[in-house]
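Since the structure comes first, as structure tokens, the remarks are kept for the end.
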Amino acid sequence: QVQLVESGGGMVQPGGSLRLSCAASGSISSRGVMGWYRQAPGKQREWVATFFSVGSTTYTDSVKGRFTISTDNAENTIYLQMNRLKPEDTAVYYCRYRFLSDDYWGQGTQVTVSS
């Protein structure tokens with residue numbers, strides 16, 4: 001079993017920044033893949049960013065250059081630094097852990113970008 005707990009969401013004005021955290025516990029493999037997803041009201045959940053076990057990262061086009069995914073392996077925590085936030089970034093953000101047949105999601109954290 002793996003538990004994922006997100007934190008760091010909130011309300012911010014356009015152009016502002018937030019840093020999301022996802023603390024992972026349980027049967028975590030160093031070869032697992034962790035990522036961030038989001039779901040806006042009335043829309044399907046979409047992928048945002050992935051951190052691969054080899055250290056590489058990838059982002060959806062709409063957040064490239066504004067968001068950065070990183071990890072603290074010692075703490076089994078992943079982060080999503082979000083800069084220059086836009087109203088269209090408003091969503092519930094979820095972290096996800098995958099390794100072989102394991103696939104776990106956190107409970108989500110709300111991010112609202114509004115003036």
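Tally the residues that are at pLDDT 95 or above and under 20 Å from THR71 (Cβ atoms), restricting the search to the stretch 1-22. Walk me through it before giving the result.
Going residue by residue through the stretch 1-22, those that are at pLDDT 95 or above are 3-22.
Next, only the ones that are under 20 Å from THR71 (Cβ atoms) stay: 3-9, 17-22.
Total meeting the criteria: 13.
Say whether the condition of being of a type in the set (A, V, I, L, M, F, W, C), assigned to a loop (DSSP other than H, G, I, E, B) and free of Cβ contacts under 8 Å to residues at least 60 places away in the same chain is met by at least one residue in the stretch 22-38.
Filtering the stretch 22-38 down to residues of a type in the set (A, V, I, L, M, F, W, C) leaves 22-24, 28, 33-34, 36.
Checking which are assigned to a loop (DSSP other than H, G, I, E, B) leaves us with 28.
Filter once more, keeping what is free of Cβ contacts under 8 Å to residues at least 60 places away in the same chain: none.
No, the conditions are met nowhere in the stretch 22-38.
Might you let me know whether the stretch 1-13 holds any residue that is open to solvent by 30 Å² or more (accessible area, probe 1.4 Å), in a loop (DSSP other than H, G, I, E, B) and out of contact with any Ser or Thr (no Cβ under 9 Å at 6 or more places or on another chain)? Working first, answer last.
Here is the first cut: in the stretch 1-13, the ones open to solvent by 30 Å² or more (accessible area, probe 1.4 Å) are 1, 3, 5, 7-9, 11, 13.
Still in the list and also in a loop (DSSP other than H, G, I, E, B): 1, 8-9, 13.
Still in the running and out of contact with any Ser or Thr (no Cβ under 9 Å at 6 or more places or on another chain): none.
No, there is no match, as no residue in the stretch 1-13 is open to solvent by 30 Å² or more (accessible area, probe 1.4 Å), in a loop (DSSP other than H, G, I, E, B) and out of contact with any Ser or Thr (no Cβ under 9 Å at 6 or more places or on another chain).
Tell me whether the stretch 14-22 contains one or more residues that are open to solvent by 20 Å² or more (accessible area, probe 1.4 Å) and on the phi > 0 side of the Ramachandran plot.
Checked the stretch 14-22: at least one residue is open to solvent by 20 Å² or more (accessible area, probe 1.4 Å) and on the phi > 0 side of the Ramachandran plot.
Quick test for you: out of GLY32, GLY106, GLY42, GLY9, pick the one residue that is at positive phi and out of contact with any His (no Cβ under 7 Å at 6 or more places or on another chain). Let's see the steps before the verdict.
On the way: GLY32 fails: at positive phi; GLY106 fails: at positive phi; GLY9 fails: at positive phi.
None of the other options fit; the residue is GLY42.
Taking PRO41 as the residue in question, decide whether it is touching a helix residue (DSSP H, G or I) at 6+ places or on another chain (Cβ under 7 Å) and open to solvent by 20 Å² or more (accessible area, probe 1.4 Å). Before you say what the answer is, go through the steps one by one.
Values: touching a helix residue (DSSP H, G or I) at 6+ places or on another chain (Cβ under 7 Å): no; open to solvent by 20 Å² or more (accessible area, probe 1.4 Å): yes.
No; evaluated as a whole, the condition is false for this residue.
Which residue pairs have Cβ atoms under 8 Å apart, sit 6 or more places apart or on different chains, and have a first residue in the stretch 60-81 that is open to solvent by 70 Å² or more (accessible area, probe 1.4 Å) and a second that is at pLDDT below 95 and assigned to a loop (DSSP other than H, G, I, E, B)?
Matching pairs, first to second residue: ASN73/SER30.
The values are calculated or read from the model by the stated rules, or taken from the named source; none is laboratory data. On a predicted model such as this, the values are computed, not experimentally measured, just so you know. Positions of Cβ are backbone-derived with ideal geometry, glycine not excepted, and every protein chain shown enters the neighbour counts. Surface areas here come from the heavy atoms of the whole protein model, side chains and all, with no ligands, DNA or RNA. Shrake-Rupley method; radii C 1.70, N 1.55, O 1.52, S 1.80 Å.
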